[in-house]
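See structure below.
The values are calculated or read from the model by the stated rules, or taken from the named source; none is laboratory data. None of the values given here were measured: they were computed from a predicted structure. When we count neighbours, we look across all protein chains shown, and the Cβ atoms used for this are built from the backbone with ideal geometry, even at glycine. In case anyone asks, the SASA skips ligands and DNA or RNA and just uses the protein heavy atoms, side chains included. Shrake-Rupley method; radii C 1.70, N 1.55, O 1.52, S 1.80 Å.
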Amino acid sequence: MKILIPIKQVPESSNVKMDPETGTVIRSGLESVVNPLDLYALETAIRLKESCGAELTAISMGPPQAMKVLKEAVAMGCDHGVLISDRKFGGADTWATSYTLSQAIRKLGDFDLIIAGERATDGDTAQVGPAIAAWLDVPVATYVSKISEVKDSRIYLERLVEEGYQMLSMPFPCLITVVKEIAVPRLPTLKGKIRSRDMEIPVFTSENMDLNPDFLGLKGSPTKVVRINTPKVTRSGKIVQAGDDESLNAAADEFVVFLEEKGIL
Amino acid sequence: MNEVWTLAEQHNGQLKAVSFELLSRGRALADKLKVPLVSVLIGDGVDESRLRELIERGADKVYAVQDPKLSHFVCETYAKVLGRLIDEHKPSILLAAATSSGRTLMPYTAVKAHAGLTADCTELDIEEGTGNLLQTRPAIGGNIMATIKTPDHRPQMATVRPKSSRPLARDASRTGTITKIPLDETLLDQRVQVTGYRKDAEDFVNLEEADIVIAGGRGLKKAENFGMIRKLADTLGGAVGATREAVDRGWMGYPHQIGLSGKTISPKLYVGIGISGAIQHLAGIKTSELIVSINSDPDAALHKLADFGIVGDAFQVVPAIQKRLDQRKREDQ
Ligand SMILES: Cc1cc2nc3c(=O)[nH]c(=O)nc-3n(C[C@H](O)[C@H](O)[C@H](O)COP(=O)(O)OP(=O)(O)OC[C@H]3O[C@@H](n4cnc5c(N)ncnc54)[C@H](O)[C@@H]3O)c2cc1C
Ligand SMILES: Nc1ncnc2c1ncn2[C@@H]1O[C@H](COP(=O)(O)O)[C@@H](O)[C@H]1O
């Protein structure tokens, strides 16, 4: 079985600091990491390799530094990595990103399964996974929380949806996006790190890929960002203390009044 | 200028509330553009009176493609049915809810239609002069707002978070047309087979569609203490949420997790209890209408974001609140 895992490099979010003056994220000095939600995709792929045998290729589109996340994927247990990198790809929206990724996937040849993250923590659209499936014309299941079985070239799954867990099956080739519930990601191993360090990771560019130049990067993106604002903090922010009995009762009373005033009660 | 479309959603023949929320968004846009507002339904079993409700809540027209073979959401089939409708009518705008199906169908359809798509919009407006759709969405965990447009591609597509807008009141005097479109069976994609649903035994929640969410964090100390959260949620008619800390400790199931690696919610009221307010948790609650924080630490980040904060011990504050609410209920009866 051949499995592809599209992973994105994103700024590390756990140490994100806010600028108290402007209310924006201080981006400088932020380290780049594998999109945390893509770790679940990588883990799912590695488990499938362990249980049914599979060849895993992590692919990432981004600047040359994105090589780092591919090395990390290899260190976790992927067999190969492919970097998709070109100035012409810069500024791509989800439409153009998914086009470029899908052309890279075509260049790699036949595959059985693509496992994407649910969404990237920076772009936060959850669109690229289903969009890749549309370009490749393969079926898609999003929000997959469990793989029950792989049998006779079909995959049996559960998806976390509003009504509960939806159970379904699809034939290969197909694409899934996975949620955190599916597995706990492992850490890279020392052996893996050594292997990844020496590994040559091929780079796909606009030169060596078959691409429609009108579909690339900022120019090829249907959506355009008009402006960026910092949301105004409009919260009234009333804080009350509930220490001793008296203030506790007062606080609880005030909370009920608050609910009444806001039309909740 | 062509029609504005919103996608209705159904389950077991019932329209979901998001169908009406989208119509209030669509109504404002259609009025500005002076074009008809259409509610498009793909599914099964929604009867005439329920379809009428779409008109009473803002639609000028309903296009309904219903068939037992469409009762479950299957992305490839729905995308083909929707794609055919788009080809025929060429709507200028298409809005869907940011639900599990909307977030799957819309990107799939946008690729096929060569259309731009903006996720999770919190504001939608029409640009003066051009008539382009201005789509505003939170980015980077809700820390910035980006306004996006799609000048050269149609339809202009966007998803909108459930609960981020209120449905219009039902108006029985509104008139409109309901067009029932038979399913062309050649559009059915047989590859995906849906076999059914499994629900968590006790309280499977649909957090994104709840008006009120009472969430607990590590400050609750153990699983049993979620009992008081559940009780408070029941009393207020809300759903129970949790932080990743609480979920990873097994106190609540993953479907309850709110935040970066869980769900994003926009309820009328969010109450966070024993929750510090880490940036990854805040990413999931920033668009809530009202935020309440109950935390013993006066410096907790959630207090800073709250409309109302109580600095105190949850194990005293929550029961005190519960007592008052119970009393109120009794007096009402
Ligand atoms: C990539 C990534 C993704 C993440 N995704 C998510 C996510 O989706 N959702 C999420 O929630 N987190 C997420 N996190 C984790 C996040 O960073 C925080 O660790 C988490 O939100 C903290 O949960 P908490 O508030 O329950 O716990 P804590 O931060 O430990 O806070 C507990 C709070 O309880 C208070 N407290 C203690 N005792 C009492 C008492 N008796 N009464 C009242 N208050 C009390 C304390 O003062 C404290 O403020 C993510 C982290 C990373 C790195
Ligand atoms: N530049 C990229 N390179 C590789 N994979 C990506 C890229 N962008 C998005 N993805 C994949 O698509 C998923 C959803 O991303 P997004 O639509 O940006 O939220 C991610 O979890 C990745 O699996």
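Between A:Ile228, A:Ile239, the distinction of being under 25 Å from B:Glu289 (Cβ atoms), within 24 Å of the chain's Cα centre (by Cα) and not assigned by TED's automatic domain parsing to the domain that holds A:Ala131 belongs to A:Ile228 only. Scanning segment B:298-314 for residues that are buried (at least 23 other Cβ atoms within 10 Å of the Cβ) and more than 12 Å from ligand 1 (Cβ to nearest atom) yields B:Ala306, B:Phe308. Residue count for segment B:198-233 under the criterion of being modelled with pLDDT under 95, open to solvent by 80 Å² or more (accessible area, probe 1.4 Å) and not in a loop (DSSP other than H, G, I, E, B): the result is 1. Restricted to segment B:244-253, and to residues there that are open to solvent by less than 40 Å² (accessible area, probe 1.4 Å) and within 13 Å of chain A (Cβ to nearest Cβ), the residue that is nearest to ligand 1 (Cβ to nearest atom) is B:Val247.
Checked against the criterion of being in a loop (DSSP other than H, G, I, E, B), more than 14 Å from every other protein chain (Cβ to nearest Cβ) and within 19 Å of the chain's Cα centre (by Cα), segment B:96-107 contains not a single residue that satisfies it.
Can you tell me which residue in segment A:162-185 is farthest from A:Ile5 (Cα to Cα), limited to those that are of a type in the set (Val, Ile, Thr) and open to solvent by less than 10 Å² (accessible area, probe 1.4 Å)? That would be A:Val179.
Being modelled with pLDDT of 95 or more, of a type outside the set (A, V, I, L, M), under 30 Å from B:Val18 (Cα atoms) and not in a helix (DSSP H, G or I), is that true of even one residue in segment B:313-324? No, there is no match, as no residue in segment B:313-324 is modelled with pLDDT of 95 or more, of a type outside the set (A, V, I, L, M), under 30 Å from B:Val18 (Cα atoms) and not in a helix (DSSP H, G or I). Contact map, segment A:90-115: residues that are at positive phi and away from ligand 1 (no atom under 16 Å from the Cβ) paired with residues that are assigned to a loop (DSSP other than H, G, I, E, B) and of a type in the set (Gly, Ala, Ser), Cβ distance under 6 Å, separation 6+ or inter-chain. Pairs shown: A:Gly91/A:Gly217.
Residue count for segment A:113-122 under the criterion of being touching a helix residue (DSSP H, G or I) at 6+ places or on another chain (Cβ under 7 Å) and near ligand 2 (Cβ under 6 Å from one of its atoms): the result is 2.
Out of all the residues in segment A:196-204, is one or more in a loop (DSSP other than H, G, I, E, B), among the small types (Gly, Ala, Ser) and in the same structural domain as A:Tyr40 (by TED's automatic domain parsing)?
There is no residue in segment A:196-204 that is in a loop (DSSP other than H, G, I, E, B), among the small types (Gly, Ala, Ser) and in the same structural domain as A:Tyr40 (by TED's automatic domain parsing).
A quick yes/no check of all residues on (1) open to solvent by 20 Å² or more (accessible area, probe 1.4 Å); (2) within 8 Å of chain A (Cβ to nearest Cβ); (3) within 30 Å of A:Val161 (Cα to Cα):
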position: B:Ile285; (1), (2), (3): no, no, yes
position: B:Ser296; (1), (2), (3): yes, no, no
position: B:Gln316; (1), (2), (3): yes, yes, no
position: B:Ile321; (1), (2), (3): no, yes, no
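Of everything in segment B:54-79 that is surrounded by 21 or more Cβ atoms within 10 Å (Cβ to Cβ) and charged (D, E, K, R), the residue that is nearest to the chain's Cα centre (by Cα) is B:Arg57. The residue of segment A:55-76 that is farthest from the chain's Cα centre (by Cα), among those that are open to solvent by 20 Å² or more (accessible area, probe 1.4 Å) and away from ligand 2 (no atom under 14 Å from the Cβ), is A:Glu55.
Restricting segment B:298-313 to residues that are of a type in the set (A, V, I, L, M, F, W, C) and facing chain A (nearest Cβ under 7 Å) leaves a set whose member that is nearest to ligand 2 (Cβ to nearest atom) is B:Leu305.
Condition check ((1) at positive phi; (2) touching a Gly at 6+ places or on another chain (Cβ under 7 Å); (3) free of Cβ contacts under 8 Å to residues at least 24 places away in the same chain) across all residues:
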position	(1), (2), (3)
B:Leu94	no, no, no
B:Ser101	no, no, no
B:Gly131	yes, no, no
B:Ala146	no, no, yes
B:Pro151	no, no, yes
B:Thr159	no, yes, no
B:Ala172	no, no, no
B:Leu187	no, no, no
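Note on segment B:132-150: residues that are modelled with pLDDT under 95 and assigned to a loop (DSSP other than H, G, I, E, B) total 4. Go through B:Gln316, B:Gln257 for me and flag whichever is farther than 28 Å from A:Thr125 by Cα and touching a strand residue (DSSP E or B) at 6+ places or on another chain (Cβ under 9 Å). The conditions single out B:Gln316.
Of all residues in segment B:260-283, how many are near ligand 1 (Cβ under 6 Å from one of its atoms), more than 10 Å from chain A (Cβ to nearest Cβ) and buried (at least 24 other Cβ atoms within 10 Å of the Cβ)?
3
Within the bounds of segment B:135-146, is there any residue that is facing chain A (nearest Cβ under 7 Å), open to solvent by 20 Å² or more (accessible area, probe 1.4 Å) and away from ligand 1 (no atom under 16 Å from the Cβ)? Yes: segment B:135-146 contains one or more residues that are facing chain A (nearest Cβ under 7 Å), open to solvent by 20 Å² or more (accessible area, probe 1.4 Å) and away from ligand 1 (no atom under 16 Å from the Cβ). Selection of segment A:141-160 for residues being of a type in the set (A, V, I, L, M), open to solvent by 10 Å² or more (accessible area, probe 1.4 Å) and under 21 Å from the mean Cα position of the chain (by Cα) yields A:Ile147, A:Leu160. Counting residues in segment B:151-161 that are crowded, with 21+ Cβ neighbours inside 10 Å, among the β-branched types (Val, Ile, Thr), under 19 Å from the mean Cα position of the chain (by Cα) and more than 24 Å from B:Gln193 (Cα to Cα) gives one or more.
Scanning segment A:35-72 for residues that are in contact with a strand residue (DSSP E or B) (Cβ under 7 Å, 6 or more places away or on another chain) and among the acidic types (Asp, Glu) turns up A:Asp38, A:Glu55, A:Glu72.
Considering A:Pro188, A:Pro222, A:Pro231, the condition of being touching a strand residue (DSSP E or B) at 6+ places or on another chain (Cβ under 7 Å) and surrounded by 15 or more Cβ atoms within 10 Å (Cβ to Cβ) is satisfied by A:Pro231 alone.
Taking B:Glu9, is it among the charged types (D, E, K, R) and over 26 Å from B:Lys69 (Cα atoms)? The answer is no for B:Glu9.
When B:Lys286, B:Lys304 are screened for being part of a helix (DSSP H, G or I) and touching a residue at least 12 places away in the same chain (Cβ under 8 Å), only B:Lys304 passes.
Going by the conditions given, is B:Asp211 among the acidic types (Asp, Glu), over 30 Å from A:Pro139 (Cα atoms) and assigned by TED's automatic domain parsing to the domain that holds B:Leu105? No, not satisfied.
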